[in-house]
Amino acid sequence: MSSIQQDLSILNKFNFEKPPVGIKFLLTKPEGIKRVGRRLNFCEMLPEAQKGKPFYATKEDITCVGPLYLGMLEGGEPIFESGKVGPKMGLFNDARVNRQLYDVIARIPQGSVKYMAFAPLDKLSFAPDVLLVTADPVQAGTLKRATNYSSLKMWTSKMPPAIECNWVYIHPFLTGEVYYQVILVPGFGMGRLRPGTILISFPYQFLPILVKNLQEMEWELYMDKLAQESIPKFKKRMEEICEEVAAEIGEKRDSRMLP
């Protein structure tokens, strides 16, 4: 097991309602992991892994449009790419609108992925390409600060009307960007998660940064606690901080910038 896999155990301190899940895109069958054993929609793979057992899936196991943008299919899929499915589901008023969705989704080069492995954090036996975390707003806030603590790394969110799984699984892997999705309403797809849940996808490049910053930074900021306790006390402390900085750089305070 690599050091990053061991270090990821720091995430257990969050006590997430559901465990983080690592995924890996593979050309060869993973060793030591069983096949999922039943056909699931692509979006169902995350909650399946959160039940506690690692597994891998092939194109025969993934229903809906997952195999299309995993590059597992030769050619396209006219039933979906025609745009005619979305209007029948009430997602769009016209096939032309739905059709545009397939112009912007991330696609892995054809033939480069034949297997996908999924594993909850405590059963992780591989270095994940993407780590998926389902968090509440407070937990997500700490994770956001952890990705920005040592260098400014912005999160991105497209909030697509459909095919959220594409953005959650594949977009961060191809772009190297941290992606997040807020679950707004219950329903199909990622809507199976509780509304208000924040789903965050960390690409592998970010995992060492995330771990290092979580190990070094304060998880609960004193200034946040002070602001919740008393706004006057918060402003007083901010004034003290600003005075300290002014003294350090030899500048006078601008009265227009007083807290």
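Rule-based calculations on the coordinates, nothing more; no lab input. Only a predicted model underlies this, so the values are computations on that prediction, with no experimental measurement involved. Every residue, glycine among them, receives a Cβ derived from its backbone with ideal geometry; neighbour counts consider all protein chains shown.
Worth pointing out:
- Structure note, pairs LYS114/LYS144; LYS51/LYS225; LYS59/LYS158; LYS59/LYS84; LYS153/LYS252: Cα-Cα distances above 30 angstrom occur for LYS114/LYS144; LYS51/LYS225; LYS153/LYS252.
- Dipole moment magnitude, nearest 20 debye, the chain about Cα centre, only Lys, Arg, Asp, Glu C-beta charged: 760 debye
- Rounded if a/c under 1.5, otherwise prolate or oblate - the stretch 61-137, Cα gyration tensor axes: oblate
- By definition, a body whose alpha carbon gyration tensor gives a ≥ b ≥ c is prolate when a/c is 1.5 or more and a/b is larger than b/c, and the stretch 138-259 fits this prolate description.
- Helix 231-249 axis, angle to the chain major axis (alpha carbon atoms, nearest 10°): 80 degrees
- Note on GLU216 and GLN6: with the Förster distance fixed at 25 Å, the Cβ-Cβ geometry gives a FRET efficiency of about 0.90.
- Shape class of the stretch 76-189 from the alpha-carbon gyration tensor: prolate, with a/c at 1.5 or above and a/b greater than b/c.
- Ordering of 204-213, 159-168, 77-86 by burial proxy (mean other Cβ atoms within 10 Å per residue, highest first): 159-168, 204-213, 77-86
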